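Structure first, commentary second.
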Amino acid sequence: VIELNLPTLSSEAEARETHILSITTPIVLILTVLFLVAYYWFIDKHQGSYVFIPSSFILSTVIHTVLVLSAVALFKPAIFSAWFTDVISIIYGIAMTNGLMEALAAVVIGTPIIVGIMNYSKRELL
C-alpha cells in the first residue's frame, strides 16, 4: 500500500514545498532588507562609534557555528560519512539555518543591551 501511495505523496510534498517557498522567500528577503536598513541606521545614528558591537555579535556567532560543526565532526564523524557533496550540503544547511538565525538574534537582542549598559556606565561616571 505504501509503495502505491509513495509517488502521489512525493508529488504532493513537492507541490507544498513550492507553495511554501513562494510565500517564505519574499518574507525572508523583506526581513533581510529591514535588518540591513536598521543596521545602517544604527551605525549612521551613532556616527560609527558603536559599529563594533553588532559586528562582534555577528563574528562571534559565526565562529560559534564553525566550532559546533567542528565538534560534531570530531566527536561523531559517522554523521559526515556520506558523500562529499552531501556533507557540504549538511554543513551549508546547518550554517544557514542555525548560524544565520543565531547571528541575527544575537545582533537584535545583544546590541541594545550592550548600548544600554554603555550609556548607563557613562552616566554613572559623570
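Summary table
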| read-out | value |
| --- | --- |
| Filtered residues of the range 24-44 (kept if over 18 Å from Gly110 (Cβ atoms), open to solvent by less than 100 Å² (accessible area, probe 1.4 Å) and hydrophobic (A, V, I, L, M, F, W, C)) | Ile27, Val28, Val33, Val37 |
| Near pairs, Cβ below 6 angstrom, 6+ apart or cross-chain, from the range 43-55 (under 20 Å from Ala103 (Cβ atoms)) to any residue that is modelled with pLDDT under 80 and of a type in the set (Asp, Glu) | none |
| Matching helices (runs of 4 or more DSSP H) fully within the range 37-126 where at least 1 residues are modelled with pLDDT of 85 or more | 52-75, 100-125 |
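The values are calculated or read from the model by the stated rules, or taken from the named source; none is laboratory data. Please read these numbers as outputs of a predicted model, since none were measured by experiment. Cβ coordinates were reconstructed from backbone atoms using ideal geometry, including for glycine residues, and neighbour counts include every protein chain displayed. Note: areas computed on protein heavy atoms with side chains; ligands, DNA, RNA excluded. Shrake-Rupley method; radii C 1.70, N 1.55, O 1.52, S 1.80 Å.
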